[in-house]
Amino acid sequence: MSPTRRLQNQKQNLVQRRRLQRRLSGDSSLVDSRKRVWDEIETHTFQCSTSSPKSSRRDGPRSHTVLNIPRSLCQIHSAQPEIDVREKGIIVASKNNVRTRSIHSALDVLPDEVLSKIFFDGYVDSTEVIKNLSCVSKRFRSVAQETVLQLDLSRFEKIQPQNVASVVSRFHNLTSLDFNYCSGFTDSHLLELTPLARQLRVLRLKGTSVTDKGISGLLGITQNAAMLEELDLSAMNRPQSLMRGDKSVIAITKSCPHLKSMSLGWCTLVTPDSIVEIKRLTQLQELDLSMCNAASLSACTILSGMPYLQVLDMSATGVTDSHIRILVERLRCLKVLSLKHVPGLSLEGLELKGCVYNT
């Protein structure tokens, strides 16, 4: 480059630097509209290397990133201690120290409350968001830790106990967990949820390999899971049907006084003795006893004394017309009664306004 050309460039840079400095310092005589200023700024870009300065040629070519920060603006040494521009980028310039960083996207200017509403309130799939987005930056991870309340991990067959422990340690405000159809979910996985047991409201363990020992261990350690409102322990195959029974029901009724929904479908070890314990759950609204061995006249008599019971499933049990008559006549809040695969029922003379029979 010729000396004349170099001198012209230096003069032009000096003029542009002074012009931008005066505009940013608030000189009303030179300040045009804000849009024009930023349009002019964006026309001046420079490249910065993102590779290590010690990298050699054998590491391959250096990658470059184009930043929309003017060269002239980065050379400002104003008398003001700090200049902070936040509309198109964040530029911090001090008297003897110049630092620059660009906003990666418009999300960076949103407050944490807005980010949590966008990503962690159910508008998009929570599993994918938490698995990927919460690892993008420290800020997103922090927002996820504070705002994620429910997590769906269903159908993860190869989930490990350390994965559950990681979830518990990362998202300490969780109130809803879904492990449905995780056949590899065992007692060791369940005990990793101990730090969250006191705050959980929903716990779904349908189709898991959790046993009476795991349920009793979790609720026995915490002594009281008073916040729990929904619990699903349904089995999906014959081996699972022999894993949970009366011991689990006893532990649940002692530790979950505010339970509103409980599913014990295909838990064949649940006997009429468990019904006496279930009566303690005075706020219970939904109960699934399908394929259980809890059908008896005394058991139905006890269930008929539960004032808030609205949904009852007794499919594939040995109930008879006399059992159903007791339930229908005494359960005033009953809305849905499921009696699928129950042979020999006639239901003659049974009437209940507002109740739906699923047979």
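The values are calculated or read from the model by the stated rules, or taken from the named source; none is laboratory data. Computed from a predicted structure; not experimentally measured. All Cβ positions, glycine included, derive from the backbone under ideal geometry; neighbour counts span all protein chains shown. In case anyone asks, the SASA skips ligands and DNA or RNA and just uses the protein heavy atoms, side chains included. Shrake-Rupley method; radii C 1.70, N 1.55, O 1.52, S 1.80 Å.
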request  = Under 6 Å between Cβ atoms, at least 6 apart or on separate chains: pull out the pairs that start in the stretch 140-153 with a residue that is touching a residue at least 12 places away in the same chain (Cβ under 8 Å) and end on any residue that is surrounded by fewer than 18 Cβ atoms within 10 Å (Cβ to Cβ) and not in a helix (DSSP H, G or I).
outcome  = 149/175; 150/176
Number of the condition not met by residue 187 [criteria: (1) in contact with a Gly (Cβ under 7 Å, 6 or more places away or on another chain); (2) surrounded by fewer than 19 Cβ atoms within 10 Å (Cβ to Cβ)] = (2)
Selection within the stretch 213-245 - surrounded by 19 or more Cβ atoms within 10 Å (Cβ to Cβ) and farther than 22 Å from residue 174 by Cβ = 235, 240, 241, 243, 244, 245
request  = Sort through 205, 174 and tell me the only one that's farther than 17 Å from residue 259 by Cβ, open to solvent by less than 10 Å² (accessible area, probe 1.4 Å) and touching a residue at least 12 places away in the same chain (Cβ under 8 Å).
outcome  = 174
query = Out of (1) open to solvent by 10 Å² or more (accessible area, probe 1.4 Å); (2) part of a loop (DSSP other than H, G, I, E, B); (3) hydrophobic (A, V, I, L, M, F, W, C); (4) within 18 Å of residue 278 (Cβ to Cβ), what's the single condition that is false for residue 250?
reply = (2)
ask   = On the given criteria, is residue 332 surrounded by fewer than 17 Cβ atoms within 10 Å (Cβ to Cβ), out of contact with any Asp or Glu (no Cβ under 9 Å at 6 or more places or on another chain) and outside any loop (DSSP other than H, G, I, E, B)?
value = no
